[in-house]
Amino acid sequence: MGARGAIGATGAIGVDVSDGPKGNANCIDGRITQLVTEVLRVDPTAPDRESIARAAECLRSGGLVAFPTETVYGLGAHALDRRAVQRVFAAKERPTNDPLIVHVARIDDIAPLVVDIPAAARDLAVRFWPGPLTIVLRRSERVPDEVTAGLDTVAIRVPSHPIAQALLQCARLPIAAPSANRFSRPSPTHAAHVLADLGGRIDMIVDGGPTSVGLESTVIDLAHQPPTILRPGAVGVLALRSVIPDVRLRSSPAADTGGMPAPGMLSKHYAPATPLTLFEGDRASTIDEIVQTARRYRERGQSVAILAFGEDLEQLRALPVHLLDMGSENDPPAVASRLYAALREGDELGVDAILVRNITTDHPLSPAIQDRLRRAAFASPASPFPLPPSP
Ligand code: TXA
Ligand code: MG
């Protein structure tokens, strides 16, 4: 049986707190019901049936349940229950124009949610589902506007994590689940991250330990031509092109000039609260820039954390800064699984600045890591102490 622990509501949620009945929180009047968030510990290799049944029942009755997927933790709600979906937006403080991903147990479950399943979608599903790929298709009338932000498309994913699968199969529902973080915080890769962001705001957290991939799913749009990758993730462009040759990449979010380029594809989205500067270029010059920049901050009496690849640590060790090891640059899967926890740790240090360099190794995950670093750095100073260009 899964261990169970009730965590007291945090209270400090920055909105009106009512004692109304459970399930009444919504984003229409801006009130969030203060809840006691229950944490169920579940073995990810053999999910305990009683705990899964409790979480499934909570979802069926309109509750909010955070659960692990192979990418990041999701904040689940019954996708066809408008009220439950509204509660997701309220708990996360997420803008209602940013649509949610609907999770189902298997490809056969998507038929009621879409107008048709194009051959390309079937081909991708056969190859990549269950797994870290989200496919945007034309939606059916059954999917509430709250889920799709009023769009005529819906994003669908079949996750592979055993707890996510067990929950979907037990609940027998499509589950709408964005990442279980507060809006603009890094996505959660541990249950503790969910608790820190959403404790007191949601009904339950299924704690299945750390997630394996660590970055959100690849999102591909098949509702429009040509097929377009809206968000890079663990399923890389070459793998997708081996199934659909004409897949193209959407232009980098960092290049956005404003407005909403695609639904929810906000540039600043995975941001730590501390200003984060990303140094882009080859390894030697970016390390040099980081060292010089860290020294300038220290001369001004300011504190610095460096998110460092394992191979850079030796060179940085002498600096009077906090070093956070992201893992080896030659092991991008390890970096991906560590990145969001490292960003949160950097924030918790309370330093004046976080410095990081881009990943230079070629790997299917490298574009996704690079994308998340750019988003984390978006709106932070490009280079607080402009340095002369390297010779
Ligand atoms: O790995 C993941 O994808 C995680 C786990 C929980 O499945 N979920 C996740 O959800 O990252 P979220 O809400 O944080 O990100 C979903 C992204 C958003 O950028 C959203 O704008 C986009 O998918 N999206 C959702 N529906 C869409 C649609 N109909 N058209 C285009 N983009 C859509
Ligand atoms: Mg998210």
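The values are calculated or read from the model by the stated rules, or taken from the named source; none is laboratory data. The structure displayed is predicted, hence computed values, not measured ones. Counting neighbours? That spans all protein chains shown, and the Cβs are built from the backbone with ideal geometry, glycine included.
Looking at this structure, is L230 within 30 Å of I306 (Cα to Cα), modelled with pLDDT of 95 or more and aliphatic (A, V, I, L, M)?
yes
Conditions (1) more than 20 Å from the chain's Cα centre (by Cα); (2) modelled with pLDDT of 50 or more; (3) buried (at least 19 other Cβ atoms within 10 Å of the Cβ), marked per residue:
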| site | (1), (2), (3) |
| --- | --- |
| A254 | no, no, no |
| T257 | yes, no, no |
| G264 | no, no, yes |
| P272 | no, yes, yes |
| T277 | yes, yes, yes |
| T286 | yes, yes, yes |
| I290 | yes, yes, yes |
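Quick one: would you say V114 is within 13 Å of ligand 1 (Cβ to nearest atom), touching a Pro at 6+ places or on another chain (Cβ under 8 Å) and of a type outside the set (S, T, Y)?
No.
Do you know which residues across the stretch 176-201 are more than 15 Å from ligand 2 (Cβ to nearest atom), among the aliphatic types (A, V, I, L, M) and more than 17 Å from R338 (Cα to Cα)?
L195, A196
From the list L215, L230, exactly one residue is within 20 Å of P132 (Cα to Cα), part of a loop (DSSP other than H, G, I, E, B) and within 15 Å of ligand 1 (Cβ to nearest atom). Which is it?
The match here is L215.
Go through the stretch 148-186 residue by residue and tally those that are polar (S, T, N, Q), within 22 Å of C58 (Cβ to Cβ) and within 11 Å of ligand 1 (Cβ to nearest atom).
Counting residues in the stretch 148-186 that are polar (S, T, N, Q), within 22 Å of C58 (Cβ to Cβ) and within 11 Å of ligand 1 (Cβ to nearest atom) gives 2.
Assess whether V243 counts as being within 16 Å of ligand 2 (Cβ to nearest atom) and touching a residue at least 40 places away in the same chain (Cβ under 8 Å).
Answer is no for this residue.
I need a count of the residues in the stretch 87-143 that are assigned to a loop (DSSP other than H, G, I, E, B) and either touching a Ser or Thr at 6+ places or on another chain (Cβ under 6 Å) or closer than 16 Å to G76 by Cβ (or both).
Number satisfying all stated conditions: 10.
For the stretch 322-345, how many residues are of a type outside the set (G, A, S) and over 18 Å from A376 (Cβ atoms)?
Residues meeting the conditions: 3.
If you go through the stretch 183-212, how many residues are surrounded by fewer than 24 Cβ atoms within 10 Å (Cβ to Cβ), within 18 Å of R375 (Cα to Cα) and at pLDDT 95 or above?
Final tally of qualifying residues: 0.
Within the stretch 138-154, work out how many residues are within 16 Å of ligand 2 (Cβ to nearest atom) and on the phi > 0 side of the Ramachandran plot.
Total satisfying the criteria: 1.
Out of T45, T71, T37, report the one residue that is crowded, with 19+ Cβ neighbours inside 10 Å and more than 21 Å from V154 (Cα to Cα).
Exactly one of T45, T71, T37 is crowded, with 19+ Cβ neighbours inside 10 Å and more than 21 Å from V154 (Cα to Cα), namely T37.
Of the residues R122, R87, which is away from ligand 2 (no atom under 16 Å from the Cβ) and more than 26 Å from D246 (Cα to Cα)?
Of the residues listed, the single one that is away from ligand 2 (no atom under 16 Å from the Cβ) and more than 26 Å from D246 (Cα to Cα) is R87.
Give me the residue from the stretch 133-144 that is more than 8 Å from ligand 1 (Cβ to nearest atom) and without any contact (Cβ under 8 Å) to a residue 40 or more places away in the chain and, out of that set, surrounded by the most Cβ atoms within 10 Å (Cβ to Cβ).
S140
Can you find a residue that is under 24 Å from A55 (Cβ atoms) and in contact with a helix residue (DSSP H, G or I) (Cβ under 9 Å, 6 or more places away or on another chain) anywhere in the stretch 216-226?
yes
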